[in-house]
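These notes concern the structure reproduced below.
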Amino acid sequence: MSIQWFPGHMTRARRQIQEKLKLIDIAIELLDARIPLSSRNPMVDEILLDKPRLIVLNKADLADSKTTEQWIAAFKAAGHVSVAVDSSTGTKVNEIPVMAKQILHEKIARQIAKGMNPRAIRGLIVGIPNVGKSTLINRLAGRSIAETGDRPGVTKGQQWIKVGKDMELLDTPGILWPKFEDQLVGHRLAMTGAIKEQILNVEDIAFFAVKELAHRYWPTIAERFGLDKPPSDLEDADEIVRIMEDIGRKRGCLVSGGRVDLEKASGIILRELRAGKLGRITLETPDMMI
Ligand code: G4P
């Protein structure tokens, strides 16, 4: 990832979000629908405190829709309103201001009862890098405002962006850090492209991708890559490498002597996974929530 999240950065990011929270009515917490747990900041409840919140499961176009529904039900059971969207095309993005208004309806009703004319709802989008914050801001604004790419600590003048007539958004999102302590989380973030692989070994990430996909989505990858031999034991590293080699052979990733170029095969696996070419894939289900 381009950002090194040292403790100092985390403190600064947290302070910046807490400053922005004073200006807004609702936080829009953006998660990746494929990995709602790994893409969630571990301290988000502590950071957002009792600020009204709408959870947005982004990249729903790449996620398994049945599991996304389960996530929405699980968040509801935990007392949160959530919606699944695709910011890249705008699908369901229009529901965000509508739902934000619903969440704040009591506050709005109180203002009206006091004879006040309620102003537009003010929101802030928060989330880890690459979850789609800038894409969503641009989509809601209907024009290109937010630059994609993140730099915690770099702030420009803040402005309000109009979203329809009832909502305004801060143009700079709140950037949160992902969980790093758990290796599995790191691998899932890397598999989905949230962590860029320059700093990670492509074969390692593809190894974990194949392991998770063989576990949850064997028929899908078997069909996509023309594989006929399922793994006999997912805990056997040789078996996972064997599948990676099978994929490499099917895609012509061969080097002299007929050996498989595992690095090339790994690149293909990850590119196709991230682009949704393997179908809609979700790596985390609500039962994994502690
Ligand atoms: P950030 O501000 O949270 O860091 O994320 P950003 O908007 O930069 O989005 C990160 C990547 O995710 C971008 O792709 C963006 O196009 C993609 N993305 C965002 N929302 C969605 C979505 O709902 N569905 C899908 N399929 N993709 C989404 P990129 O490859 O990094 O850039 P680009 O090639 O699109 O320019």
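Quick look at the numbers
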| read-out | value |
| --- | --- |
| Size of charge dipole - region 72-143 - debye, nearest 20, with Cβ of Lys, Arg +1 and Asp, Glu -1, no other charges | 300 |
| Beta bridges per DSSP with both ends in region 1-133, % antiparallel, nearest 5 | 5 |
| Rounded, prolate or oblate (a/c below 1.5 giving rounded, otherwise prolate when a/b exceeds b/c) for region 66-217 by Cα gyration tensor | prolate |
| Ranking by accessible area, most exposed first, for Lys76, Lys229, Lys59 with a 1.4 Å probe | Lys76, Lys229, Lys59 |
| Cα-based convex hull, the chain, per residue volume (Å³, whole number) | 139 |
| Highest to lowest packing among 277-285, 219-227, 25-33, scored as the average C-beta count within 10 Å | 25-33, 277-285, 219-227 |
| Shape call, region 192-265: gyration tensor on alpha carbons, a/c limit 1.5 | oblate |
| Region 205-214 - phi-based ³J(HN,Hα) in whole Hz, Karplus 6.51/-1.76/1.60, Gly and Pro as x | 5, 5, 4, 5, 4, 5, 4, 5, 5, 5 |
| Residue-wise HN-Hα coupling along region 40-47, computed from phi with Karplus coefficients 6.51, -1.76, 1.60 (Hz; x: Gly, Pro) | 9, 5, x, 10, 4, 5, 5, 6 |
| Rough spin-label spacing in nm, given labels placed 7 Å along Cα→Cβ, for Thr89 and Gln70 | 2.4 |
| Under-5 Å amide H pairs with Val85, H placed in peptide plane, nonlocal only | Leu57, Asn58, Lys59, Ala60 |
| Extension gain (nm, one decimal) between Glu19 and Trp160, 0.36 nm per residue minus Cα-Cα | 49.2 nm |
| Computed E for Leu200/Leu49 - FRET, C-beta separation, R0 35 angstrom, nearest 0.05 | 0.55 |
| Whole-Å distance, taken between Cα centres, linking region 132-146 and region 1-64 | 17 |
| Loop GluC sites (Glu not before Pro), region 58-154, which have at most 15 other Cβ atoms in a 10 Å radius of their Cβ (DSSP) | Glu147 |
| Helix-only [θ]222 nm of the chain, DSSP H runs n ≥ 4, -39500 (n - 2.57) each, per residue, nearest 500 | -12500 deg cm²/dmol |
| Protection proxy ranking, peptides 162-173, 128-139, 256-267, average beta carbon neighbours within 10 Å, highest first | 128-139, 162-173, 256-267 |
| Solvent-accessible area per residue for the chain (1.4 angstrom probe, square angstrom) | 50 |
| Additional length obtainable on full extension of the chain from Arg110 to Phe6, 0.36 nm per residue less Cα span | 33.2 nm |
| FRET efficiency, Ala237 to Arg259 (Cβ-Cβ, R0 25 Å, nearest 0.05) | 0.90 |
| Potential extension, Glu223-Phe180 segment - 0.36 nm per residue separation minus Cα distance | 12.2 nm |
| Surface share of carbon and sulfur [accessible, 1.4 angstrom probe, percent] for the chain | 51 |
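The values are calculated or read from the model by the stated rules, or taken from the named source; none is laboratory data. Here the structure is a predicted model, which means the values were calculated and not measured. With ideal geometry, Cβ positions are generated from the backbone for all residues, glycine too; neighbour counts draw on all protein chains shown. Surface areas here come from the heavy atoms of the whole protein model, side chains and all, with no ligands, DNA or RNA. Shrake-Rupley method; radii C 1.70, N 1.55, O 1.52, S 1.80 Å.
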